[in-house]
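Derivation of every value follows stated rules applied to the coordinates shown; laboratory data play no part. Just so it is clear, the model here is predicted, and its values are computed rather than measured. Here the Cβ is made from the backbone with ideal geometry for all residues, glycine too, and neighbour counts use every protein chain on show.
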Amino acid sequence: MSPLVSSLKRATFWIVARTCFALYRWFPVFGSLRASIAIIPREGKILIIHRADGRGLSLPGGIARRNEPEEAALHREVLEETGLTITHAEFRLRYHSAADVPCHISVYEAKATGEARDSWEGSPSWMVPKEIEPRLVKSQRPLLELMKKIAETDANTPG
């Protein structure tokens with residue numbers, strides 16, 4: 001993809017994401033949305049997305065489609081955002097957040113294969129939780145301690 005097309009896609013994402021978040025925050029016509037996100041550790045680091053909409057950093061994942069199972073949404077969203085394929089997902093917790101839009105968020109600890117790549121939603125990279133903490137989106141801040149624990153466990157696990 002050419003740099004111009006890539007820039008146009010990211011600019012479009014910035015406009016669409018910011019508009020949708022603002023409108024849904026004011027008019028949550030479908031009630032609380034459902035989202036699935038992944039904590040993917042590797043060598044003591046966590047996969048994070050530098051969001052193209054300028055909101056900061058987030059874990060890979062996103063909003064589930066109507067009637068889409070949570071784990072299916074996780075697999076689809078991680079592939080769309082990062083190019084990685086989830087090979088194992090373990091449900092860790094579910095919580096509600098109204099920080100961005102009203103949303104029930106399902107959190108999975110996951111393993112993935114493939115080579116991480118940019119998408120119109122952002123750029124993936126591996127970071128330690130300490131680097132992530134100051135820029136993590138508000139809706140995912142309740143996960144910081146869990147991210148630290150998973151990264152530490154992963155760093156101390158051989159092979």
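With unit charges on the beta carbon (Lys/Arg positive, Asp/Glu negative), name the residue among V128, S7, P60 whose Cα is farthest towards the positive pole of the charge dipole of the chain.
Positive-end residue among those listed: S7.
Amide H to amide H, which residues 5 or more places from L84 or on other chains are under 5 Å from it, using H placed in the peptide plane?
The list, which skips near neighbours in sequence, is R117.
Expressed as a rounded percentage, what relative contact order does the chain have, with Cα pairs under 8 Å and six or more residues apart? Working shown, then result.
Details: 300 pairs, mean separation 46.5, N = 159.
It rounds to 29 percent for the chain.
Which of the three applies to segment 28-159, rounded, prolate or oblate, going by the alpha-carbon gyration tensor with a ≥ b ≥ c and a/c under 1.5 meaning rounded?
Cα axes put segment 28-159 in the rounded bin.
Based on the Cβ-Cβ distance of S7 and E115, what FRET efficiency does E = 1/(1 + (r/R0)^6) give at R0 = 22 Å, to the nearest 0.05?
Efficiency, from the Cβ-Cβ distance: 0.50.
Span-like helices, the chain: DSSP H, alpha-carbon axial extent 20 Å or more, mean Kyte-Doolittle -1.0 or greater, which ones?
Details: long enough: 3-26 (35 Å, 0.53).
Membrane-span-like by this criterion, though nothing is claimed about a membrane: 3-26.
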